[in-house]
Each structure stands twice: as structure tokens, then as C-alpha cells.
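Presented below is the structure to which this report refers.
Throughout, read-outs are computed from the coordinates displayed, never taken from laboratory work. Quantities reported herein were computed from a predicted structural model and do not represent experimental measurements. Cβ sites come from the backbone with ideal geometry, for glycine too, and all protein chains shown count toward neighbours.
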Amino acid sequence: MILFFSDVHLGLRSHSIQDSNGVYSAELDAMQALDYICERSKSEDIEMVIFGGDMTHTNHPTPPNVGFLISWFLRMDSLNKPVFIITGNHDTSMYHHGMIFGKSLNLKNIKFIYETTYSEPWYDWTIRFIPYVPNKTLKDKDAIVNSGLAEAILESKDKTIIVSHVQESSCKIGSESRMLSRGVSLFDADTLKDRKFLFLLGHIHTMQSYVKGNSTIIYPGSTSFMDESDLNLKKGFRLIDKDGAVYFKEIPGIRKFLKYTIPDGIDPLEFFRDSRILMGSVIFIDHFFEEKLNLPEIYKFFKDRECLIGNIKKRSKKDSTIQDNIFIDTQKSNYDIFRDYVNNYETTVSKSKLIDYGIKRIEAYAGINKGN
């Protein structure tokens, strides 16, 4: 089987505290997820490991994070199994490559893929790898990935696995919505009905899989929680067998992002004392309490349980019937709302073209209103 994971974002520091070694909680989550993936990769059923991009949160990872990654790559290399690493948009820029140090490690079993033309056979499948690569401008960087994807699709025969770091037009987006560039290019798997593709994709942090035409699109999601959009989700990786069957495995031990809604008329501290609190979690709180909250006591309550408060929101009573998933959806950007509308709209016109056109119109309108 293939173990496929993506979007570690080592270096992200949101909803974190710093330990005595200068490492942030979110960085420890990323490291713990990588440690678990290494352990799971030791099992005999894992024949190959593939990473789908965004190992680091920036293209200039800190020395401690690079040191951890070098140690992790050495451990993975010692498993004597093929490991393929592609870069995502966060790993690269027009002037730097966050994984470039991999070239000097002289690893036997890990291949860092720096071009968009590399392929590898696996049983009766052909695996095509399409990473992000640095170029003259950020626009060129996206264009190279899109060109590589189009070329791989045109050249592919039946039973092709395409590994890349791109957004398919029907995917559900989550915590990465704040990280996506405006006008990010999409591709529509509906246009590939004549051949069988399995897309193993990074970039989207929400774990999901779906079928369009003869193509199956797989997003393992990010390996740890990043913001409030990740509430009630699972974080892990995918396992793919030689017949194309796909399984999900949750990563244990990382911090959970949990939401508590305090009912109207209930004292917050009494509510939490009667609740089962998961140690080491990041807590998001909604409340309808009319009086001023005793914030120092609430923060102390969760600190004693090694929890971190991510956010506290006061909700009005008229909001009490709003479901949590709807409330989270209202945080989407104009671009995300437009994409969702088009993807649910019945039309024979190419949805990717409609989305590209609509985003340009949104950007043009935003520019006019800013006086540009």
C-alpha cells in the first residue's frame, strides 16, 4: 500500500505557546504527526510513502525545524522503502526552495522531486509527480504547476496516479482558505471522463475523497489542526492499495480543537466543571452569558488542564438556532462563497472557466472600491 499524507506546515505557530526550547505548540503537533507517520510506515503493508506538499509553512524554515526534518528524513530513509517528496506553494517562492537542503543529504530511498516531469511505476499504475518549483514570479510558479498538470493528463494512459498540490473545483475548503492566493487556479476533473485517474492531492486541509467521472480525488487533509475551521474534523493520512481502494487513518496524540457552547443562564465555570475536558486541547467558546465573564478564572481553569483558549465569542439569543457548521461557513471569503455557488450550479459550461472569470470580476470590483 501507499501511505499518502500532506500539508504538515511545520513552522505554523497559530494557537500556540512557546516551550523552554523555543518550540511552539503547533510545531510540536506537526513533529508528533511526522513521528507517528514514520512509525506507521515501518509496517510491512506499507510499500511506498508519498508526501503531497507544504512540509513547511514558509520557504525559509527555521534552523530547529530544518534540524528536525533532517532527523526525520534520515529515519524514513532507514526504512528501506521508497519515499517521494513534492513541494507545495508554501515550500517554494520565486527566489527560494524550502526543501532544497534535501539534495545534500545523500539519501538512498527518499527522492525529492524538483521537476514536473518525473514518473514512477507501481504495479499496473503510473505515478506522475507535479511539485511546485521556484521561478521568476509567483504567477509563473502557479503557471508551471498548471502546465505540468495539463501535460501529465494529456500524456497519461489508463490507470494513472497524479500527485500534486492543487485545488480541484469541487473540493471543500477549510483552514487553508486564509492561505490561498486570490484567483488560485482550479482544475475540473469532470473533463477527464475518458480515462481513469487517481488524484492524490495536497493544498486542501479538509480530509475528503470524491468521484468525478472516472477520476477519484483524494485529499488527506493537513496532519494537524490549524484554526477554527478545523473544528469537528479528523486529521490523518490515506492508505491506497494496488486496486485503488482508499482508507483513512487518524493521527493520535496531536492537540484537538474543540468547541463548547455555554447554554443561556448557565454560569460558565459551573458548566466547564461539569464537562469532560480533554487535556491539552485548544478550546473555542461560544456563550450567551449576559453578565461580564470572569476571564481570569476561565483562563486559569483551562491552563490547569494544559488547554489553550483559541477564541471566546459572545452570541446573541437570536443566533442560538444557528448550527455550528453553518456558523463556520459564514467565515468564508467572497472567493470561497462564489466557488461554492458555481460548483452547485447546473450548467454545461466549464465550471473552472466560470470560476476564473468570476474571480477576476470580484477582484476588479474590490480594486474599484479601494480606489485602485
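Listed by chain and number, the aspartates and glutamates placed with their C-alpha closer than 12 angstrom to that of K314 are D264, D286, E290, E291; residues fewer than eight positions away on the same chain are left out. Taken along the Cα-to-beta-carbon direction at a fixed 7 Å, the label points for T261 and A150 span 4.6 nm. With R₀ fixed at 41 Å, the C-beta to C-beta distance from L269 to K249 puts the FRET efficiency at about 0.65. With a cut-off of 11 Å between beta carbons, the residues surrounding M207 carry a summed charge of +2, where Lys and Arg count +1 and Asp and Glu -1. Comparing Cα centroids, region 262-313 and region 26-93 end up 35 angstrom apart.
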